[in-house]
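Here is the structure we will look at, set down as structure tokens.
Derivation of every value follows stated rules applied to the coordinates shown; laboratory data play no part. In this text, all values refer to a predicted model and were calculated from it rather than measured experimentally. We place every Cβ from the backbone using ideal geometry, glycine too, and count neighbours over all the protein chains shown.
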Amino acid sequence: NEKQARFGWVDFIDDVEVSKALFEAAENWARKKGMSAIHGPLGFTDFDREGLLIEGYDKMATLATIYNHPYYPEHIQNMGYEKDIDSREYLITVPEVFPEKYFRIAEIVKQKYKLSSVNINSRKQIVDKYGNKIFDLLNTCYQSLYGFTKLNKAQIDFYIKLYFSFFRLDMVSILVDEKDEVIAFGVAMPSFTKALQ
């Protein structure tokens, strides 16, 4: 219920006249639509890239994160935009051998809350039985994230078709409670960064 336009997918050369003209056009469009503010970069949903990289230019970007030239934040700030939040990305190194206590704690939690891992046999099983439940869980878990808007049924169907068509079954983990409700899931994949370059 806020009259805010979102901008996203921004690219411009290092020329203040160019970036100023681009943003003025977006701001004028937003005013004509009755908006009182404009913010971004944000996508249509939280599954789109959002934000501006402000440090870490020496690191290789990942498939799922945004990358921009170092002059972008300076141009945008000079036009009067202010940073609203900081988001962080972390690199977690997976150990060769997990400490035994991790497994003990996991077993205690599984027994206490009557949890079990799903034995995944096919993509069809995931889509038909757990697809909507996974996105219902995402809507619940993401609800307090900055700018999040709950995914509707059409969006959920789109993302199920998009994402569930290419992952490897051995890279998916689903945890359910005694009522077969999804309470946690994970999808792992190798880095595509080098291949995309």
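Close Lys pairs in region 78-127 (alpha-carbon distance under 30 Å; sequence gap of 8 or more, or different chains): 5.
Relative to the 2.2 N^0.38 Å rule of thumb, region 1-118 has a C-alpha radius of gyration ratio of 1.56. The sum of -39500 (n - 2.57) across all DSSP H runs of n ≥ 4, divided by the residue count of the chain, sets its helix-only mean residue ellipticity at 222 nm to -10000 deg cm²/dmol.
Residues of region 34-52 with the amide nitrogen closer than 19 Å to a label point 7 Å from the Cα of K150, along Cα-to-Cβ, please. The answer is 44-47. Applying a DSSP loop filter and a limit of 12 other Cβ atoms within 10 Å to the GluC sites (Glu not before Pro) in region 37-90 leaves E55, E82.
Structure note, pairs K3/K153; K129/K150; K129/K161: Cα-Cα distances above 19 angstrom occur for K3/K153; K129/K150. For the chain, the orientation-averaged shadow of the C-alpha convex hull comes to 14.7 nm² (one quarter of the hull surface).
Convex hull volume of the C-alpha atoms in region 87-171, normalised per residue: 167 Å³. Can you pull out the trypsin sites (Lys or Arg not before Pro) in region 14-50 whose DSSP state is coil and whose Cβ has at most 14 other Cβ atoms within 10 Å? Qualifying residues, ordered by number: K33. Of the trypsin sites (Lys or Arg not before Pro) found in region 106-197, the ones in coil according to DSSP and having at most 15 other Cβ atoms within 10 Å of their Cβ are K114, K150, R168, K179. Above 13 Å, the calculated P(r) of region 32-80 contains 65 percent of its Cα-Cα pairs.
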